[in-house]
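Visitor: The structure's right below; bear with me while I get my questions together.
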Amino acid sequence: MRSGTRNRELAALVPVALLLTAGFAAVFAQESSRLGNLSVIYGAYFFAVCLATHIYLRIRLPDADPYLFPLMALLTAFGLVMIYRIDESLARDQANWFVLGLVLFALTIQFLRDYEILERYRYTIAAIGLLILMAPRLPGIGEQVNGAYLGVKVGPLSFQPAEFSKIAIVIFLASYLRENREVLIVGARRILGVTLPPLKHFGPMLVVWGASMFMLVFIRDLGSSLMFFAAFLALLYVATGRFSFVVIGMAMFVVGAWFFATTVPHVHQRVEIWLHPYHDPRGAGYQILQSIFAQADGGLFGKGFGQGLITIPGAHPPAALLPAAQTDTIYSLIVNELGLFGACGVILIYLLIAARGFKVALLANDGFSKLLATGLTAVFSIQAFVIIGGVTRVIPLTGVTLPFVSYGGSSIVANFVLLALLLLVSDRARREAVQPAGRDLALGVT
Amino acid sequence: MNRQIVKLFSFIVVLFAVLVAFTSYWSVFDAKNLKAQEANQRPLLEQQQIRRGRILAADGTVIAKSVARGQGDGLRFIRKYPEGALFGHPIGYSFVQYGQSEFEQSHDEELTGEESEFGSILDQLTGQKQEGDDIVTNLDLGAQRVASEDLEAAGFGAVVAIEPSTGEVKVLASNAPYNPNEVPENLNKLFKEKIATPLYNRGTQGRYPPGSTFKVVTAAAGLESGAITPETTINAPGSIDDEGHELANDFNQDWGSISLDTALTNSVNTWFGQLGQKVGQADLFTTMEKFGFGSIPPIDLPEDELSESGVVGEAGEILRRKDPVDLARVAIGQERLLATPLQIAMVAAAVANHGKLMKPQIWNRVVDSDGRIVKKLAPSTYSEPVSAKTAEELTTAMEGVVSEGTGTNAAISGVPVAGKTGTAETPGNEACGGGEEENQAWFMGFAPADNPKIAIAASVECTEQFGNDVAAPIFRDVAEAILNGE
């Protein structure tokens, strides 16, 4: 069983490495019509790093889900090739962050084998998560990008706290809801045909709502706010089984978001651009329109790898045709070059990750593990939805990264920590499924 | 909790399905509309990245080529016209931001290497970049230069030269010229020149009263319909009454009873006016239509840059055989009759080619970047307006014009020339500034008369001179350039 699980992981990593090799080969062929062995070398490096991680998993988490790591490695490989095709030096950074991400991944597994310990520090974790979220507004280290306060810059290092605080918030919520879910269910009252949670326990929920509204105003980022709040609702629903809570929460979010969308200029502008991109096609609406135009140019099969236009040829000074192609609009570039089929492939990978992540939650025996796996998977999936939805005009475009694919150190490192936590939960759940001795730990809920 | 987790997963599936739906909408279903959006520069920018094929003169001289600018992602191609203004017509221009015209426009597919969907997928798989093919034209560099220089000296006008046996277009010059290289800087200015209209191809778009050159068509209809033979005589007084108007000869000269040769040699109006009436509108129009009147000329240029020749009604429509016209005046190339220089050259070419009109063709082959001939254009017959016998009789009469008649300036020493002059009075022509003494001067013909190698129409507008003074010398120079060039 054990070696079988890990063997499946190994078997899945081989095609991922081959895909990366083939991707680089395609980029090189496109750029200079030469086929050196560089792509094979890159493929070998990538495979070596993945192999090391795999061996580490074999020792540390022999029973963990065998597909999650290969799926995420696949996204990383895809992202690396895509970024390399945009800018070689960015891809080098990304590769370094990939390695750094795996180191943090290993460290998380090393030191959080008993991840229940997180429950003990849940308020500390929540506080840290919220504090680092506010850091971008601090003078001196804060960084404003397109009107939103998403980054922190200390010396040469800059990072996006939202990527890390999403994990902190999920840990807190999972722990808090594990403890209070019973009272939330039992204490609920039906008022005017609507099931409302008991007021006493409603307080913390209001705090979470307030926090996401606060984010909207304070860091002015609709995307992160949406991502956090959706994860909260997902967890609330899974913990209590009360759909009405979700409806109430959604209504509160919509009212709050509407209020701030009409009063906070930056958020208001984001919504206006979303609704009327053609009002200012060369200014405010430029990015979303170019994102859509790039997709229109892709068609079913795309223009071919490396064939898409990212900058305006010959423009002085250089001007972007697809702004933020390596981060926000990388999905549009994927549609442009690989077509609808390529894009569906990417979405399918996210869907498979979501499926495996929720499988981990299903298999988990205790409430905290279940809620943690659910929350991590939900926040990851919703992040993918928020950015892909943004560039396809489903929702307003915001500066969230496409997990593992977009360029960005914080994103890749944080998401590997997220993966580590998921695998920790998975390893225990699957081991206990084999050795039913752990049954008594379960809270016996379904 | 497991039930809720499954439901949550279902919800995520729905969210992702929405993403797939939106992506499909933008990339496939709404793609056509999005590509047509004004804010969308992509289609143009992508065009710029294709190396457009060259356009070559018959002798291989490069008329148009694409020059690479920048590299990598910044690579783009810009059109250059090494011969400058010489081939502004009929080649036109092609610039991403400013559009295309004439030959560049009508042959865009070959020049950009546009392929079928299947072909482009194959190219993608093999990593081939789309590349345009070269087009070799029939245009004669030397003769085009002679025509342009002569026109510049003579005034606004056009010269069209066609090889009668094949339809190969050797010269298509229009004055005022423009330099296609200057289109990016000057397009608006060029559009604003309302009198010189340099962007307008006077050879294929410009319509002018053909004057006496049209008498060849009337004569063809007379011979073809059996209304006359070369021996038939018609009394040609100094003037005749034509539906209440007076139709007169130059200086009211009374020619008495004469046959076709004398009448054409001396361009006798009253003779041809009566011939027109004798032939009747139906037969005259039938012959005209066979020569190409009343149809878009069968030449490979964009349709909106071509004009139909014929009797033009008030709304700009071409009148047909049932519409009322002053037939005697139509017969001598007046009334509301208008013709393009290309149309008149087609008449000359049909007579020269024993009555058979070949389709005028600017190009003859498409060659890919490896030098392979991808497409070849064979000569093809457009129509047979007159019999070989009629053509021969017309040739004899037209030879008289040059040897002893109104067109002596077209004569080439040692080469028999057949032709016809035309001088249509165009008083108050706004294009010329509204002067009262303005003429449209013409010469059309072919040489050598016994074995025609070239048929030419030369037309000069806004001149106070006659066809023989200003158009016939152009004919002679261009014909000599082509005959000597071979």
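Visitor: Out of A:Phe253, A:Phe245, A:Phe260, I need the residue that is away from every other protein chain (no Cβ under 13 Å), closer than 30 Å to A:Leu371 by Cβ, of a type outside the set (Gly, Ala, Ser) and open to solvent by less than 30 Å² (accessible area, probe 1.4 Å). Which one?
Guide: After applying the criteria, what remains is A:Phe253.
Yes/no matrix, rows are residues, columns are (1) under 17 Å from the mean Cα position of the chain (by Cα); (2) touching a residue at least 60 places away in the same chain (Cβ under 8 Å); (3) part of a helix (DSSP H, G or I); (4) more than 14 Å from chain B (Cβ to nearest Cβ):
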{"position": "A:Phe385", "(1), (2), (3), (4)": "yes, no, yes, no"}
{"position": "A:Val394", "(1), (2), (3), (4)": "no, no, no, no"}
{"position": "A:Leu419", "(1), (2), (3), (4)": "yes, yes, yes, yes"}
{"position": "A:Arg431", "(1), (2), (3), (4)": "no, yes, yes, yes"}
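Visitor: If you don't mind, another one. Name the pairs: first residue in the stretch A:341-361 and within 7 Å of chain B (Cβ to nearest Cβ), second residue basic (Lys, Arg) and open to solvent by less than 20 Å² (accessible area, probe 1.4 Å), Cβ to Cβ under 8 Å, at least 6 apart or on different chains?
Guide: Taking only residues 6 or more apart or on different chains, the pairs are A:Ala361/A:Lys370.
Visitor: Would you confirm whether or not the stretch B:203-217 contains a residue that is in contact with a helix residue (DSSP H, G or I) (Cβ under 7 Å, 6 or more places away or on another chain) and open to solvent by 40 Å² or more (accessible area, probe 1.4 Å)?
Guide: No, the stretch B:203-217 contains no residue that is in contact with a helix residue (DSSP H, G or I) (Cβ under 7 Å, 6 or more places away or on another chain) and open to solvent by 40 Å² or more (accessible area, probe 1.4 Å).
Visitor: Further question: Within the stretch B:326-365, which residues are in contact with a Gly (Cβ under 8 Å, 6 or more places away or on another chain), open to solvent by 10 Å² or more (accessible area, probe 1.4 Å) and outside any helix (DSSP H, G or I)?
Guide: Within the stretch B:326-365, B:Gln334, B:Arg336, B:Leu338, B:Met358, B:Lys359, B:Gln361 meet the criteria.
Visitor: Same structure again: What are the residues in the stretch A:366-381 that are more than 8 Å from chain B (Cβ to nearest Cβ) and among the aliphatic types (A, V, I, L, M), if any?
Guide: Listed by number, the residues that qualify are A:Leu372, A:Ala373, A:Leu376, A:Val379.
Visitor: Next up: I'd like the residue in the stretch B:431-447 that is of a type outside the set (D, E, K, R) and surrounded by fewer than 20 Cβ atoms within 10 Å (Cβ to Cβ) and, out of all such residues, is farthest from B:Gly333 (Cα to Cα).
Guide: Here the residue is B:Gly433.
Visitor: For the stretch A:26-38, indicate whether the set of residues that are under 23 Å from the mean Cα position of the chain (by Cα) and either open to solvent by less than 10 Å² (accessible area, probe 1.4 Å) or β-branched (Val, Ile, Thr) (or both) is non-empty.
Guide: For the stretch A:26-38, residues under 23 Å from the mean Cα position of the chain (by Cα) and either open to solvent by less than 10 Å² (accessible area, probe 1.4 Å) or β-branched (Val, Ile, Thr) (or both): absent.
Visitor: Still on this structure, please answer the following. Condition first: open to solvent by 30 Å² or more (accessible area, probe 1.4 Å) and within 10 Å of chain B (Cβ to nearest Cβ). Now tell me which residues in the stretch A:281-308 satisfy that.
Guide: Scanning the stretch A:281-308 gives A:Pro281, A:Arg282, A:Tyr286, A:Leu300, A:Phe301, A:Lys303, A:Phe305, A:Gln307.
Visitor: What residue, among those in the stretch A:3-53 that are outside any loop (DSSP other than H, G, I, E, B) and among the polar types (S, T, N, Q), is modelled with the highest pLDDT?
Guide: Going through the qualifying residues, I end up with A:Thr53.
The rows are residues; the columns are (1) open to solvent by less than 20 Å² (accessible area, probe 1.4 Å); (2) touching a residue at least 40 places away in the same chain (Cβ under 8 Å); (3) among the small types (Gly, Ala, Ser).
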{"position": "B:Ser257", "(1), (2), (3)": "no, no, yes"}
{"position": "B:Asp261", "(1), (2), (3)": "no, yes, no"}
{"position": "B:Gln281", "(1), (2), (3)": "no, yes, no"}
{"position": "B:Glu289", "(1), (2), (3)": "no, no, no"}
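Visitor: Got a sec? Which of A:Ile334, A:Ile353, A:Ile349, A:Ile387 is within 17 Å of B:Lys7 (Cα to Cα) and either open to solvent by less than 20 Å² (accessible area, probe 1.4 Å) or at pLDDT 95 or above (or both)?
Guide: Unique residue meeting the criteria: A:Ile353.
Visitor: Give A:Thr311, A:Thr327 a once-over and let me know the one that is more than 11 Å from chain B (Cβ to nearest Cβ) and β-branched (Val, Ile, Thr).
Guide: Result: A:Thr327 is the single residue among A:Thr311, A:Thr327 that is more than 11 Å from chain B (Cβ to nearest Cβ) and β-branched (Val, Ile, Thr).
Visitor: Every residue in the stretch B:214-247 that is part of a helix (DSSP H, G or I), among the aliphatic types (A, V, I, L, M) and closer than 17 Å to B:Gln334 by Cβ, please.
Guide: The answer is B:Val216, B:Val217, B:Ala219, B:Ala221.
Visitor: Assuming B:Leu45 fulfils every condition listed in (1) within 7 Å of another protein chain (Cβ to nearest Cβ); (2) over 30 Å from A:Ala373 (Cβ atoms); (3) aliphatic (A, V, I, L, M); (4) free of Cβ contacts under 8 Å to residues at least 40 places away in the same chain apart from one, which condition is it?
Guide: (4)
Visitor: Criterion first (outside the structural domain of B:Arg79 (by TED's automatic domain parsing), among the charged types (D, E, K, R) and in contact with a Gly (Cβ under 9 Å, 6 or more places away or on another chain)) does B:Arg3 satisfy it?
Guide: Taking the combined requirement at face value, the residue satisfies it.
Results for (1) free of Cβ contacts under 8 Å to residues at least 40 places away in the same chain; (2) under 28 Å from A:Thr377 (Cβ atoms); (3) open to solvent by 60 Å² or more (accessible area, probe 1.4 Å); (4) within 7 Å of chain A (Cβ to nearest Cβ), shown as yes or no for each residue.
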site	(1), (2), (3), (4)
B:Asn2	yes, yes, no, yes
B:Lys7	yes, yes, yes, no
B:Ala17	yes, yes, no, no
B:Asp59	no, no, yes, no
B:Val62	yes, no, no, no
B:Phe77	yes, no, no, no
B:Tyr81	no, no, no, no
B:Ile91	no, no, no, no
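Visitor: Let me ask another. Could you say which residue among B:Gly428, B:Gly422, B:Gly371, B:Gly310 is among the small types (Gly, Ala, Ser), open to solvent by less than 10 Å² (accessible area, probe 1.4 Å) and at positive phi?
Guide: After applying the criteria, what remains is B:Gly310.
Visitor: Suppose the filter is surrounded by 14 or more Cβ atoms within 10 Å (Cβ to Cβ) and either assigned to a loop (DSSP other than H, G, I, E, B) or within 7 Å of chain A (Cβ to nearest Cβ) (or both); does B:Leu86 pass it?
Guide: no
Visitor: Among the candidates B:Ala31, B:Ala21, single out the residue that is open to solvent by 20 Å² or more (accessible area, probe 1.4 Å), within 12 Å of chain A (Cβ to nearest Cβ), among the aliphatic types (A, V, I, L, M) and farther than 30 Å from A:Arg181 by Cα.
Guide: Sole residue among the options that is open to solvent by 20 Å² or more (accessible area, probe 1.4 Å), within 12 Å of chain A (Cβ to nearest Cβ), among the aliphatic types (A, V, I, L, M) and farther than 30 Å from A:Arg181 by Cα: B:Ala21.
Visitor: Of the numbered conditions (1) in contact with a Pro (Cβ under 7 Å, 6 or more places away or on another chain); (2) modelled with pLDDT under 85; (3) within 24 Å of B:Gln361 (Cβ to Cβ), B:Arg76 satisfies every one except a single condition; which is it?
Guide: Among (1) in contact with a Pro (Cβ under 7 Å, 6 or more places away or on another chain); (2) modelled with pLDDT under 85; (3) within 24 Å of B:Gln361 (Cβ to Cβ), the lone unmet condition for B:Arg76 is (3).
Visitor: Tell me whether the stretch B:166-186 contains one or more residues that are outside the structural domain of B:Ala455 (by TED's automatic domain parsing), part of a strand (DSSP E or B), at pLDDT below 95 and open to solvent by 10 Å² or more (accessible area, probe 1.4 Å).
Guide: no
Visitor: For residues in the stretch B:38-56 being part of a strand (DSSP E or B) and farther than 13 Å from B:Gln130 by Cβ, which is least open to solvent (accessible area, probe 1.4 Å)?
Guide: Per the criteria, the residue is B:Ile55.
Visitor: Are there any pairs with C-beta distances below 6 angstrom linking a residue in the stretch B:448-461 that is in the same structural domain as B:Pro210 (by TED's automatic domain parsing) to a residue that is polar (S, T, N, Q), with the two at least 6 apart or on different chains, and if so which?
Guide: B:Ala449/B:Thr395; B:Glu461/B:Gln440
Visitor: Which pairs turn up if I take residues in the stretch A:275-296 that are assigned to a helix (DSSP H, G or I) and look for partners that are among the basic types (Lys, Arg) and surrounded by fewer than 16 Cβ atoms within 10 Å (Cβ to Cβ) with beta carbon separation below 6 Å, at least 6 apart in sequence or on another chain?
Guide: Listed pairs, sorted by first residue: A:Ala296/B:Lys35.
The values are calculated or read from the model by the stated rules, or taken from the named source; none is laboratory data. Just so we're clear, the structure is a prediction, and the values are computed from it rather than from any experiment. Neighbour counts are summed over all protein chains in view; Cβ atoms, including those assigned to glycine, are modelled from backbone coordinates with ideal geometry. Ligands, DNA and RNA are stripped out before the accessible areas are found, and what is left, the full protein with its side chains, is counted by its heavy atoms. Shrake-Rupley method; radii C 1.70, N 1.55, O 1.52, S 1.80 Å.
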